[in-house]
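The values are calculated or read from the model by the stated rules, or taken from the named source; none is laboratory data. Owing to the predicted nature of the structure, the values given are computational and were not obtained by experimental measurement. Glycine also receives a Cβ, built like all others from the backbone with ideal geometry; neighbour counts cover every protein chain displayed. The protein model used for the area step is the full one, side chains on, heavy atoms only, and it has no ligands, DNA or RNA in it. Shrake-Rupley method; radii C 1.70, N 1.55, O 1.52, S 1.80 Å.
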Amino acid sequence: GATNATYAFVPVNNDAVSCVLTSIAICATGSPATLDPVVMAVNPLLPVSVSVSASASTVCAGTSVTFTATPVNGGISPSYQWKVNGAGISGATNVSYSYVPINNDAVSCVLTSNALCATGSPATSSAVVMAVNPLLPVSVSVSASAGPVCAGTSVTFTATPVNGGASPAYQWKVNGALISGATNATYAFIPVNNDAVSCVVTSNAACTSGNPAISNNIDMLVEPILPVSVTITESANQVCAGTPVNFTANPFNGGTAPTYEWQVNATNVPGETNPVFSFVPRNNDEITCILTSSATCSINNPALSNPITMTINPLLWVGITIRASANPVLAGTIVTFAASPVNGGSTPSYQWNVNGIDVPGATFDTYSYIPVDGDVILCLLNSNEICVANNPAPSNSVIMSVTTVSTVLVLQNINITDTQCFDAIQTITVAGAGTTFIIEKGGNATMIAGQKIIYLPGTLVKSAGSMHGYITTTGQYCGSKAPSMTTVIESEERHSISLSLPFFNVFPNPTDGDFTIRLSGFEVSENIMIEIFNITGEKLLATNLKGDGKHNLSLSGKPCGIYLIKLISEKNCGIFRIIKQ
């Protein structure tokens, strides 16, 4: 069928193709004529391909990677087109291509071959998918085991890295200088004030930034060691018994909130925790103070103060008694009164008083004048001793009897509510003829007559009253001697006179011998010393009492006069005057 002027087929190498021409022309010669064969040179087909390699397939973010194309049958001048994630990269037409990939970028290349008989051109390579690891920022923080600290204290510093890797390297610095051998995660040393401590960490992680990293600075506050002490001073020493004294603590390095504990004779005083301590000391009391400082760094804490030993002068009870040169006396008689002082000092002063009025110029230890009946004379003593009690001291009162006794006395329609004395040279007649003479509760009446006393109907002594009468054989009437009277005790209060102290009371006063001491404000178990002196200072009795209320004592067998009762306890002391009649 190959009978046309043309013939097409796919030759193989060295095929010889020829044609036989048979002419239909008239007068043709050499027909059929055979052409020389054409020997075919058939080149083999060249399949085109390309592969891509990366300088690194797993990189850190920000790393530039070079990709290289390796062509197969590309010809002598193949052309390239690089693609990232299927998109052609403008200008990326060389055999290699460099850029900074991101994670999962797919990089490929298209090869166009210029070789003869190339097949499969252009050829696209397989994609290289990039693994791009993110950058890990490296950092480190430093902490201290303590701060502020006291001088001489060892402090441990600890580094806490971020993205340090499996085995980070450490280098510690103090004040910017490297510390030889300080290459662990912790570093311990004894800092001084204002030392700046830091650490440099070098991470061994794969992809890092800021590596090596420098930590924060820890500026150490190191407090100096403060020696604690305290001194105390007193407001006064060598004072009188019963005088309050203030003691003041002066702290050194006590801090912002020091505390105090006061001691008396090495024993803590409960509740006394202020810098000033007030109390009434006794002789030879030793006062100290313990200071506990609130300062952070201190030694000798708590601190004991210097001791203060107190010198206490005892109180001297000032007293005075007066006596008249004669009593009773006749009208117009000059009477001299003499004062007997107790603890009056070297230059005592006196002031005589008649009927409650000071006598001008009567300032000596004796005083003379002409009394009238019923005059009341006393003297006020002002002692110049240093430590005294009951100063100025009032004396006993002397009531002058200056009268002419009536011959006959009739007592009718009289109510006695106090103590009275009635006298007559011959006869006293009481009540009668429908009249009364009544002694009320608490009243006392004494009748003194030279011959007789007649008690008639209407004479009545009520409960808690008393009446006594007697005939004088010496011519002594009312006011000339102390009449014998029965003491009627109604209650403590009636006979507790105004000389009582807040913690010490005596009744009845005056007393005929027996009396009661009442104590108040003392602990039940507290020991209290009671001493009794006569007016000359002779000690008659000394005994210990418990502070539990009332105690009965007696002056029986002792002469009439003034006695002093002295009380001494741990907290109080006082002197009470009692009269025995």
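Taking 8 Å as the Cα distance limit and 6 or more residues as the minimum spacing, I'd like the relative contact order of region 290-389 as a percentage. If you can, show how the numbers build up before the last one.
Numbers: 164 pairs, mean separation 29.9, N = 100.
Relative contact order for region 290-389 comes out at 30 percent.
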Inter-site label distance for Asn204 and Thr427 at 7 Å from Cα along Cβ, in nm: 14.5
For Phe252 and Cys117, calculate 0.36 nm times their separation in residues minus their Cα-Cα distance, and state this gained length in nm to one decimal. 37.8 nm
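Starting with the highest mean, order 128-140, 453-465, 381-393 by the number of other Cβ atoms within 10 Å, averaged over the residues of each peptide.
Details: 128-140: 17.5, 453-465: 15.5, 381-393: 19.3.
So the peptides 128-140, 453-465, 381-393, ranked by packing, come out 381-393, 128-140, 453-465.
What 222 nm value per residue comes from the helices of the chain, counting each DSSP H run with n ≥ 4 as -39,500 (n - 2.57) and dividing by all residues, nearest 500 deg cm²/dmol? Each step should come with its number before you reach the end.
Details: 1 runs with 4 residues, N = 581.
0 deg cm²/dmol, from helical runs alone.
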Please report the carbon-and-sulfur percent of the accessible area for region 255-393; probe 1.4 Å, protein heavy atoms only, DNA, RNA and ligands left out. 55
Would you kindly calculate the translational diffusion coefficient of the chain, applying Stokes-Einstein with the Kirkwood radius from alpha carbon pairs, for 25 °C and a viscosity of 0.890 mPa s, and quote it in µm² s⁻¹ without decimals? 64
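Within 10 Å, count the other beta carbons around each residue, average over each peptide in 169-179, 264-274, 310-320, and list them highest first. Let's see the in-between values first.
On the way: 169-179: 15.0, 264-274: 11.7, 310-320: 19.6.
Answer by packing, highest mean first, reads 310-320, 169-179, 264-274.
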Between Asn237 and Val408, what is the label-point separation in nm under the 7 Å Cα-to-beta-carbon projection? 8.1
Positive-pole candidate from Thr22, Ile578, Ile439, dipole of the chain, charges at beta carbon: Ile439
Multiply the residue gap between Asn534 and Glu570 by 0.36 nm, knock off their C-alpha separation, and tell me the result in nm, one decimal place. 10.5 nm
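Out of all DSSP beta bridges in the chain, what portion is antiparallel? Express it as a percent rounded to 5. Let's see the in-between values first.
Numbers: 124 of 167 bridges.
Restricted to the chain, the bridges split so that about 75 percent are antiparallel.
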Under 4.7 Å Cβ to Cβ, no partner at all: give me those cysteines from the chain, in residue order. Cys19, Cys27, Cys109, Cys117, Cys199, Cys289, Cys379, Cys560, Cys573
How big is the gap, in Å, between the Cα center of region 127-166 and the Cα center of region 302-354? 91
Suppose the chain between Thr183 and Val100 were pulled fully straight at 0.36 nm per residue; how much longer would it get relative to their current alpha carbon spacing? 26.2 nm
Share of carbon and sulfur in the accessible heavy-atom surface of region 47-199 [1.4 Å probe, %]: 55
Which is farthest toward the positive dipole end of the chain among Ser368, Ile76, Ser108, measuring Cα position about the Cα centre, with Cβ charges +1 (Lys, Arg) and -1 (Asp, Glu)? Ser368
Candidates per chymotrypsin sites (Phe, Trp or Tyr not before Pro) in region 201-285, loop by DSSP, up to 16 other Cβ within 10 Å: none
If you average the sequence gap of Cα pairs under 8 Å that are 6 or more apart and divide by the length of region 401-463, what percent do you get for the contact order? 35
Regression test value, accessible area per residue of the chain, probe 1.4 Å, units Å², expected 53
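Quote the FRET efficiency, to the nearest 0.05, computed for Arg323 versus Val276 with a Förster distance R0 of 51 Å and r equal to the Cβ-Cβ distance. Intermediate results must be reported in sequence, preceding the final value.
On the way: r = 50 Å, r/R0 = 0.99.
After rounding, the FRET efficiency stands at 0.50.
May I ask you to derive the relative contact order of the chain, considering only C-alpha pairs under 8 Å and at least 6 residues apart, and to give it as an integer percent?
On the way: 1457 pairs, mean separation 35.1, N = 581.
With pairs under 8 Å counted, the relative contact order is 6 percent.
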How about Lys452: which lysines have a C-alpha closer than 24 Å to its C-alpha, ignoring those fewer than 8 places off in the same chain? Lys462, Lys481
Across the Cα atoms of region 95-195, what radius of gyration and what greatest pairwise Cα-Cα distance (Dmax) are found, in Å? 28.1, 92
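Kindly give the semi-axes, whole Å and largest first, of the ellipsoid equivalent to region 213-342, taking each as the square root of 5 times a Cα gyration tensor eigenvalue.
Details: eigenvalues 789, 28, 18 Å².
Largest first, region 213-342 gives 63, 12, 9 Å.
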Packing rank of 6-13, 59-66, where each peptide gets the mean count of other beta carbons within 10 Å, highest leading: 59-66, 6-13
